[in-house]
Amino acid sequence: MVVWIVVAAVVVVVFLFAIVTYNHLVRLRNEAETGWANIDVQLKRRADLVPNLVEAVRAYAAHEAETFDSVTKARAAALQASGPAQAAQADAALSGPLNRLIAVSEAYPQLRASENFLKLQEELADIEDKLAAARRYYNQTVYRFNSVQQTFPSVLVARPFGFHERQFFETDQRDPVDVSFAQA
Amino acid sequence: MTLKEQIRANRWRTLWLLFLFAVLVGLIGVILAYAFRPSLLIVVGIVGIVYGIFSWISAGKIVASATGAQPAGRAQYPRLYHVVETVALAAGLTQPPPIYIVDDTAPNAFAAGRSLDTAYVCVTTGLLELMDERELEGVIAHELSHIRNRDVRLMSLVAVLVGVVALLSDFLFRISIFGGGRKSGGTAGLIAFALGLAALALAPIAAVLIQLAVSRRREYLADASAAEITGDGEGLALALRKLELDTTETRHASRAVAHLYIENPLNQASGMRRTMRSLFDTHPPLAARIAALEEAGGFRLPPA
């Protein structure tokens, strides 16, 4: 009799633990997905912005064809990227050419004075800041999500229920795009 | 203690305080029922409950009108929108909260609202003028962590409860002074009457003490969360330093909403008056908050 009570109690405890852990994992997964969606929104905004920026600069500095070309190519590659790790690579690959484009614009006072260009530049600054913020949140969440999956005893729940570790959105070699919101 | 444990401990403490609040109100009710006519008490009780529910439903609006907050236009405040939206992303909020502005030269900010969905942030024009982008980010992160940690719900609730107790005790005090309902003559009646008056006088004080206990600790917690959100505790510390040095008094702040602000809007007195008042502060001293940020972030601000 006593044995059965003990067995029942153990089963109940294990069951409760599984429920709590499962819910925790689902919550973390949702948070990570929200975080990724937020990054994705900014990446898309930037992909939409870049052609306009290129056109704006081209109107004043038509002979910088090489810069335009590299920006356009990097943007196309970024659109192809799938998953956080690839997207982060593509993002890093875009930051270099974008910086060159901004640097080119420095040499053309008329361009810098144009309202259209100022607006585009301000929007780029807005996107870059938001991207950095969204990246921070996403990576923190992924870190927590992955840690829970790797550690004992929650690993016993994570594996059978098909939770997978998520990729971070990060690379070592990314230069920040050098535009600031306040200047515009 | 990790942040999460701190939040949990804080929630327990909060429940305790709400419980104490209920006990306080109940106790006053019992004393009053003894001292005055019970029928009067029922009427007053109903008024209190209706008033409480009404102000809870419109808590956000009441706070807005009590502080003079207006919705901020995006075209007029692009920098503010940029900062709030950016910090909201870093805080993992599903969408940035509405932004309000108070036309006041005193730098201050608060968050209010009943729930995560109805919460808004509000800053004064003085804050926008005083803070650079990094400092503004720190302040906004502080306010958004009040929203994210569900502090606004509790703080709005406390504002409402303090309001209800103040209203009721004021109401009953007047009635009893003008001889509304003495139950019977004799010594026992007089003692009960005196007890009732004392309870009425003490109720608002007790309510305010609970308000303080709820809010002080939350400021430290919100500072810590803000540093975590932006990854830049120094920015917030610099902002707090500027608030510390500033002495302009916030115009539209009253006792009931004081605990919502990032910096105590009422505590600008000095000397003896300041010492007396510090007992009743809704906020820990700014210097202590800066020190806590310095310790957590491993940096030192240059002396003021």
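The values are calculated or read from the model by the stated rules, or taken from the named source; none is laboratory data. Keep in mind that what you see is a predicted model, and the values were worked out from it rather than measured. Quick reminder, even Gly has a Cβ in these numbers, built from the backbone with ideal geometry, and neighbours come from all protein chains shown.
Regarding segment B:203-226, can at least one residue be identified that is acidic (Asp, Glu), modelled with pLDDT of 75 or more and touching a helix residue (DSSP H, G or I) at 6+ places or on another chain (Cβ under 9 Å)? Yes, there is a match, as at least one residue in segment B:203-226 is acidic (Asp, Glu), modelled with pLDDT of 75 or more and touching a helix residue (DSSP H, G or I) at 6+ places or on another chain (Cβ under 9 Å). Considering segment A:156-179, and only residues there that are surrounded by 14 or more Cβ atoms within 10 Å (Cβ to Cβ) and more than 18 Å from A:GLN86 (Cβ to Cβ), the residue that is modelled with the highest pLDDT turns out to be A:PHE163. Residues considered: A:LEU156, A:LEU120, A:LEU131. Of these, the only one that is within 14 Å of another protein chain (Cβ to nearest Cβ) and of a type in the set (A, V, I, L, M) is A:LEU131. Does A:VAL104 fit the bill of being more than 25 Å from B:THR86 (Cα to Cα), surrounded by 15 or more Cβ atoms within 10 Å (Cβ to Cβ) and touching a residue at least 60 places away in the same chain (Cβ under 8 Å)? So A:VAL104 fails the test.
Which one is nearest to A:ALA37 (Cα to Cα) among residues in segment B:86-120 that are among the charged types (D, E, K, R) and in contact with a strand residue (DSSP E or B) (Cβ under 8 Å, 6 or more places away or on another chain)? Working first, answer last.
Just the residues of segment B:86-120 that are among the charged types (D, E, K, R), to begin with: B:103-104, B:114, B:117.
Pick out the ones that are also in contact with a strand residue (DSSP E or B) (Cβ under 8 Å, 6 or more places away or on another chain) and you get B:103-104.
Details: B:ASP103: 36, B:ASP104: 38 Å.
Among residues in segment B:86-120 that are among the charged types (D, E, K, R) and in contact with a strand residue (DSSP E or B) (Cβ under 8 Å, 6 or more places away or on another chain), the one nearest to A:ALA37 (Cα to Cα) is B:ASP103.
Looking only at residues of segment A:54-63 that are touching a Leu at 6+ places or on another chain (Cβ under 8 Å) and assigned to a loop (DSSP other than H, G, I, E, B), we find that the one that is modelled with the lowest pLDDT is A:ALA61. Within the set B:THR118, B:THR94, B:THR125, B:THR105, the sole residue that is more than 17 Å from B:LEU236 (Cα to Cα), within 14 Å of chain A (Cβ to nearest Cβ) and among the polar types (S, T, N, Q) turns out to be B:THR94.
In the list A:ALA77, A:ALA88, A:ALA125, which residue meets the criterion of being within 13 Å of chain B (Cβ to nearest Cβ) and either touching a strand residue (DSSP E or B) at 6+ places or on another chain (Cβ under 6 Å) or outside any loop (DSSP other than H, G, I, E, B) (or both)?
Working: A:ALA77 fails: within 13 Å of chain B (Cβ to nearest Cβ); A:ALA88 fails: within 13 Å of chain B (Cβ to nearest Cβ).
Among A:ALA77, A:ALA88, A:ALA125, only A:ALA125 is within 13 Å of chain B (Cβ to nearest Cβ) and either touching a strand residue (DSSP E or B) at 6+ places or on another chain (Cβ under 6 Å) or outside any loop (DSSP other than H, G, I, E, B) (or both).
Only residues that are surrounded by fewer than 15 Cβ atoms within 10 Å (Cβ to Cβ), part of a helix (DSSP H, G or I) and more than 14 Å from chain B (Cβ to nearest Cβ) were counted across segment A:1-46, and they come to 21.
Suppose the filter is part of a helix (DSSP H, G or I), hydrophobic (A, V, I, L, M, F, W, C), at pLDDT below 90 and in contact with a helix residue (DSSP H, G or I) (Cβ under 9 Å, 6 or more places away or on another chain); does A:LEU111 pass it? Considered against the rule, which asks whether it is part of a helix (DSSP H, G or I), hydrophobic (A, V, I, L, M, F, W, C), at pLDDT below 90 and in contact with a helix residue (DSSP H, G or I) (Cβ under 9 Å, 6 or more places away or on another chain), A:LEU111 comes out as yes.
The residue list A:SER147, A:SER95 contains one member that is away from every other protein chain (no Cβ under 12 Å), closer than 30 Å to A:ALA56 by Cα, part of a helix (DSSP H, G or I) and of a type in the set (Gly, Ala, Ser), which is A:SER95.
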